[in-house]
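Everything on this sheet refers to the single structure shown next.
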Amino acid sequence: MADERVLTLRELNRALLARQLLLEPRKLNVQQAVERICAIQAQWPQSPYLALWTRLVGFRKEQLTRALEQRKVVKSQLFRITLHMTSARDYPYYAAVWLPAARETTPGVDRKTLERLSREVKKLATKAPVTHEQIADVAADRMGGFRWRTRTLTPLVHLLPSGTWSHYGRAELQAMETVLGVELPPREQGAERLVARYLAAFGPATQEDLLRFAGVRVADVRAGLDSVELRKFRDERGRVLLDLPRAPLPDGESPAPVRFLPKWDSSILAYAPPERTRILPEKFRSTVIRKNGDVLPTVLVDGFVAATWDMGSKRDLTITPLVKISKQQRAEIDEEGERLVEFFRS
């Protein structure tokens, strides 16, 4: 332990902000940006757009919509069986490690049954677009009634208009192989890509953080942990943190501008509790992360969650402070908030 550098909370905070493009906005295309931040939560249609708006210089809504149309970015059921947007180049690798892990933890269903159902659903979704309800009707009874888990049977990509700014309707899906024209890579290669992308986006982090983010087991990512070159640190509680060589570690006192985060932003959900304190103070956890799993839109001040925000139906922005806000900080929040309102109205 004496040979491993101990990183303070503020150093870990600044590392997260730098890697999530929240310390300084970048000029990147949409696919590059999504790859840099690993994956974007997409339960709320506006979340991916807002996640990119707050991270990229001059981002416009049509840039993400065009990336979806060109199939450079895809929306899918992924980590923790929740909706995410990922780069089309990364998705097959993520699916290769996450899908079998999710299937194999379905209670009371043997592997042969799962493999047979996977083939059936893949065949169905190759012929024509399908809905989640159709998949569940085919497979749920043979999966012990776990309708939600039928979404783990084969890689399925959402078809437009699902994923776009204003779409709240039922999604149609099709087999990844049909949409992207690629096959799943070996599971070991998926584990390697997942470990590298996760640490590049959220490191330094514990092994448990990685497992909780992806919803997988140690055995599922062992090949990646063994093959990716790693360096180790400790946090102030003495836990081992894994990281990539030469990944950025800014000074803990680096200036951090005000940032607005959307619902379910991955920068908050990328860690196992209580490690979320590197961006979300523990005393605000129950306010920001609701019992039903909702994660409120938040405002970062000096790198940490300091307020929540809500955009009314008339595009009126409401800020609810969680800490005492100085006049200077309020002015910065108001300035960034004006940009957010303009983005909503654009």
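Using C-alpha pairs below 8 Å separated by at least 6 residues, the relative contact order for the stretch 239-337 is 25 percent. Scanning residues 5 or more positions from residue 308 or on other chains, those with amide H under 5 Å from its amide H are 299, 320, 322, with H placed 1.01 Å from N in the peptide plane. Highest average first, the peptides 28-39, 134-145 ordered by how many other beta carbon atoms sit within 10 Å of their residues are 28-39, 134-145. Along the charge dipole of the chain, which of 52, 158, 323 sits closest to the positive end, that is, farthest toward it, with unit charges on the beta carbon of Lys, Arg, Asp and Glu (+1, +1, -1, -1)? The Cα lying farthest towards the positive end belongs to 158. If R₀ is 30 angstrom, what is the calculated FRET efficiency for the pair residue 207 and residue 246, using the beta carbon separation as r and rounding to 0.05? FRET efficiency, residue 207 to residue 246: 0.90. Compared with the direct C-alpha span, the chain from residue 218 to residue 291 gains 23.6 nm at full extension, assuming 0.36 nm per residue.
If you run the Gaussian network model on the chain, springs between alpha carbon atoms under 10 Å, then out of 122, 263, 27 the most flexible one is 27.
Pairs of Lys residues in the stretch 1-144 are counted when their Cα atoms are under 25 angstrom apart and they lie 8 or more places apart or on different chains; the count is 14.
Of the residues 281, 107, 48, which exhibits the maximal mean-square fluctuation in a Gaussian network model of the chain defined by a 10 Å Cα contact cut-off? In this elastic network of the chain, the residue with the biggest mean-square fluctuation among 281, 107, 48 is 107. How much of the pair distance distribution for the stretch 1-131 lies past 17 Å, counting alpha-carbon pairs only, in percent? It works out to 68 percent of all Cα pairs. Electrostatic tally near residue 108: other residues with Cβ closer than 15 Å to its Cβ, Lys and Arg +1, Asp and Glu -1, net +3. Going by a ≥ b ≥ c, the root eigenvalues of the Cα gyration tensor, does the stretch 189-241 fall in the rounded group (a/c under 1.5), the prolate group (a/b larger than b/c) or the oblate group? In terms of gyration-tensor shape, prolate. Which is farthest toward the positive dipole end of the chain among 248, 33, 121, measuring Cα position about the Cα centre, with Cβ charges +1 (Lys, Arg) and -1 (Asp, Glu)? In the chain, that residue is 121.
Compute the acute angle (0 to 90°) between the alpha-carbon long axis of helix 327-345 and the principal axis of greatest extent of the alpha-carbon atoms of the chain; round to the nearest 10°. Between the helix axis and the principal axis of the chain, the angle is about 40 degrees. Rolling a 1.4 angstrom probe over the protein heavy atoms with all chains in place gives the stretch 182-247 an accessible area of 45 Å² per residue.
Each Lys and Arg contributes +1 and each Asp and Glu -1, all at the Cβ; summed about the Cα centre of the stretch 196-249, the dipole is approximately 40 debye.
Listed by chain and number, the lysines whose C-alpha is less than 16 Å from the C-alpha of residue 263, apart from same-chain residues fewer than 8 away, are 291. From most to least packed by mean Cβ count within 10 Å, the peptides 50-58, 149-157 give 149-157, 50-58.
This model, with +1 at the C-beta of Lys and Arg and -1 at the C-beta of Asp and Glu, gives the chain a dipole about its Cα centre of some 520 debye.
Highest mean packing first, where packing is the average number of other Cβ atoms within 10 Å per residue, the peptides 203-213, 232-242, 308-318 line up as 203-213, 232-242, 308-318.
Here the Karplus curve 6.51 cos²θ - 1.76 cosθ + 1.60, taken at θ = phi - 60°, turns the phi angles of the stretch 139-155 into couplings of 10, 4, 4, 7, 10, x, x, 7, 4, 4, 6, 5, 6, 9, 6, 7, x Hz, with x standing for Gly and Pro. Is the stretch 84-159 rounded, prolate or oblate when judged by the Cα gyration tensor, a ≥ b ≥ c being the square roots of its eigenvalues, rounded requiring a/c under 1.5 and prolate requiring a/b larger than b/c? Since a/c reaches 1.5 but b/c is at least a/b, the shape of the stretch 84-159 is classed as oblate. When the Cα convex hull of the stretch 246-326 is projected onto planes of every orientation, the mean area is 6.8 nm². Round to the nearest 10 and give me the degree value, 0 to 90, for the angle of helix 91-104's Cα axis relative to the longest principal axis of the chain. Tilt of helix 91-104: around 70 degrees.
Our summary gives the chain a relative contact order of 20 percent, counting only alpha carbon pairs under 8 angstrom and 6 or more residues apart. Cβ-Cβ distance of residue 314 and residue 57, R₀ of 30 Å, FRET efficiency by 1/(1 + (r/R0)^6): the value works out to about 0.55. Expressed as an acute angle from 0 to 90° and rounded to the nearest 10, what is the orientation of the C-alpha long axis of helix 111-127 relative to the principal long axis of the chain? Helix 111-127 sits roughly 90 degrees off the main axis of the chain. When a/c reaches 1.5 or more, the comparison of a/b and b/c decides; with that in mind, is the stretch 153-300 rounded, prolate or oblate per its Cα gyration tensor? Oblate, because a/c is 1.5 or more while a/b does not exceed b/c. Here the scattering of the chain is modelled by Debye summation over its C-alpha atoms, one equal scatterer each and no solvent; at q = 0.11 Å⁻¹ the log10 of I(q)/I(0) is -0.74.
The values are calculated or read from the model by the stated rules, or taken from the named source; none is laboratory data. Model, not experiment: these values are computed from the prediction. Positions of Cβ are backbone-derived with ideal geometry, glycine not excepted, and every protein chain shown enters the neighbour counts. These accessible areas exclude ligands, DNA and RNA; they are computed on the full protein's heavy atoms, side chains included. Shrake-Rupley method; radii C 1.70, N 1.55, O 1.52, S 1.80 Å.
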